[in-house]
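This report concerns only the one structure given below.
Each value in this text was obtained by applying a stated rule to the coordinates, not by laboratory testing. Quick caveat, the model's predicted, so the values are computed rather than measured. Glycine gets a Cβ as well: all are built from the backbone with ideal geometry, and neighbour counts include every protein chain shown.
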Amino acid sequence: TRADMPTDIRTHAYERLTAARDRSLLLTSCVGEDDLVRQHSVLMSPLVWDLAHVGSQEELWLLRAVDGQEPMRPEIDSLYDAFEHPRAERPSLPLLSPEEARRYIATVRDRVVGLLERAPIEGSPLVEQGFAFGMIAQHEQQHDETMLATHQLRAGAPVLSAPPPAPSEGRWPREVLVPAGPFTMGTSTEPWSLDNERPAHQVDVAAYWIDTVPVSNAAYQAFVEAGGYDRPELWSDRGWAHRQEAGLTAPRFWRREGGTWVRRRFGHVEPVPADEPVVHVCWYEAEAYAAWAGRRLPTEAEWEKAARHDPRTGRSRRFPWGDEEPSAEHANLGQRHLQAAPVGAYPAGASAYGVRQLIGDVWEWTSSDFRGYPGFAAFPYREYSEVFFGDEYKVLRGGSFATDPVACRGTFRNWDYPIRRQIFSGFRTARDAAPGEGA
Ligand code: AVJ
Ligand code: FE
């Protein structure tokens with residue numbers, strides 16, 4: 001047994017699967033049939049597609065792969081294969097109706113609960129420590145975050161509500177110095193880590209400074225008002241071409257109203273909160289902001305070292321605060337709140353270096369392309385990660401307020417195209433240390 005996995009793997013898996021399902025049902029019961037089958041943006045699936053897709057993946061990996069059962073409805077398999085049908089074409093497929101989708105996923109789940117009692121939890125990598133069950137709970141929660149992003153794109157009156165998150169606390173330095181030296185990146189021991197987080201490997205990192213907190217709306221607004229969107233010298237060639245073509249002038253969901261910036265958030269229109277981390281910016285916007293600030297985005301290794309490395313022990317932690325699972329004191333995760341907390345919140349979640357809010361609030365763009373670590377092996381399917389490796393996708397780290405703890409840890413890697421901003425994406429900045437600093 002391992003300290004970082006509860007002794008009762010089956011109970012833990014059952015609870016994580018149940019929490020994911022509760023959220024999927026919540027996100028699909030608060031709107032009418034019409035809003036479930038409609039496409040709210042060409043970037044997104046109809047909500048009813050996500051709903052049936054999570055059940056389809058659950059059937060595929062748990063009932064078929066782990067248990068060897070026959071397909072329940074072979075005729076629907078291809079409808080819910082993300083690679084066969086890009087998001088834009090999903091609304092025109094003969095999808096299951098909302099009611100059929102609910103019935104299908106409930107039937108799959110009933111069988112999975114039965115399987116959970118008797119399935120092996122050791123003997124092969126797929127079942128070791130309940131991996132397949134954990135992978136499926138994470139998969140459903142990833143789609144729940146995607147469904148929340150679909151809700152954000154939906155026009156019309158608000159249907160979701162949540163209390164505001166924790167306030168900021170105390171004071172913090174603008175940036176912290178992370179001295180030069182190696183650290184352990186990735187993991188070979190985290191039981192439910194996905195293939196792209198593996199294996200653990202040493203990375204030598206030069207000394208750098210990194211922001212203590214994510215970039216705030218106030219800071220980002222200063223960039224907008226300094227004409228940042230009209231100064232090509234701040235943007236990379238590709239970034240500028242995209243800014244021109246897409247007509248970017250501010251973060252997604254912001255607009256000027258009577259001399260102030262307001263934003264739309266899940267159907268509410270409100271003044272842009274100055275202290276909250278900026279969200280719904282693309283990688284190119286983050287890059288331009290950093291150039292304007294005389295800084296740069298952190299590399300993925302710099303982000304992870306700031307988050308996980310403990311200079312006293314020389315080891316990497318599971319989370320910035322240590323090895324314990326996230327609580328409400330550590331981070332804004334799990335859709336408990338429908339917005340990021342102000343910068344400087346959650347001091348109990350700070351890393352060994354004192355960096356705050358690395359986990360939760362907003363996904364953070366890094367400068368790195370999405371690639372496999374040295375020794376990467378695709379598992380259990382190439383289409384989870386490997387087919388996305390290369391220079392087309394940028395890595396995001398740390399999770400957002402919409403990310404469930406089961407799909408978030410210090411090693412977790414997300415990725416997207418550098419033009420995307422419908423995701424809950426923000427960033428923090430970094431800079432090289434001067435010669436002699438932290439050497
Ligand atoms: C890891 C968030 C990029 O949503 O495209 C869901 C997760 N993979 N189903 C995505 C995923 C397959 C993936 N991201
Ligand atoms: Fe999926």
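What is the calculated FRET efficiency for T313 to D432, with r their C-beta to C-beta distance and R₀ = 30 Å, to the nearest 0.05?
So, using R0 = 30 Å, E works out to roughly 0.70.
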Taking each full run of DSSP H in the chain as one helix, which ones are at least 27 Å long along their axis (Cα atoms) and have mean Kyte-Doolittle hydropathy of at least -0.5?
-> 9-29, 131-153
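How much FRET efficiency would the formula 1/(1 + (r/R0)^6) give for R238 and E383, where r is the Cβ-Cβ distance and R0 is 30 Å, rounded to 0.05? Numbers along the way, then the final one.
Details: r = 26 Å, r/R0 = 0.88.
So the FRET efficiency works out to roughly 0.70.
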Mean separation of Cα contacts under 8 Å (at least 6 apart) over the residue count of the chain, i.e. the relative contact order in percent, is 19
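Hey, with R₀ at 30 Å, roughly what FRET efficiency would R174 and D230 work out to, going by the Cβ-Cβ distance, to 0.05? Kindly include the intermediate steps, with their values, before the conclusion.
Values: r = 27 Å, r/R0 = 0.90.
So, using R0 = 30 Å, E works out to roughly 0.65.
If you take the C-alpha gyration tensor of the chain, multiply each eigenvalue by 5 and take the square root, what semi-axes do you get, largest first, in whole Å?
Numbers: eigenvalues 232, 154, 76 Å².
Ellipsoid semi-axes (Å, largest first): 34, 28, 19.
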What ratio of Cα Rg to 2.2 N^0.38 Å holds for segment 70-119?
-> 1.36
Among 114-125, 304-315, the order from most to least packed when residues are scored by Cβ within 10 Å on average = 304-315, 114-125
Integer Hz, Karplus 6.51/-1.76/1.60 couplings in order for segment 192-209, x for Gly and Pro | 9, 5, 8, 4, 6, 8, 10, x, 4, 8, 7, 10, 8, 10, 5, 4, 8, 10
Can you give the calculated 222 nm mean residue ellipticity of the chain, where each DSSP H run of n ≥ 4 adds -39,500 (n - 2.57) and the sum is split over every residue, rounded to the nearest 500 deg cm²/dmol?
-> -8500 deg cm²/dmol
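Find the Cα radius of gyration of segment 21-95, compare it with 2.2 N^0.38 Å by division, and give the number to two decimals. If you can, show how the numbers build up before the last one.
Values: Rg = 13.1 Å, N = 75, 2.2 N^0.38 = 11.3 Å.
With N residues counted in segment 21-95, Rg over 2.2 N^0.38 Å equals 1.16.
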What percent of all Cα-Cα pairs in segment 288-387 falls in each 5 Å bin, counting up from 0?
-> 2, 12, 16, 18, 19, 18, 11, 4, 0
All Cα pairs of segment 133-214, percent lying beyond 16 Å | 75
Assign one of three labels to segment 310-439, namely rounded, prolate or oblate, based on the Cα gyration tensor with a ≥ b ≥ c the square roots of its eigenvalues; rounded applies when a/c is under 1.5, prolate when it is not and a/b is larger than b/c, and oblate otherwise.
-> rounded
For segment 214-291 versus segment 44-88, the gap between their alpha-carbon centres in whole angstrom | 37
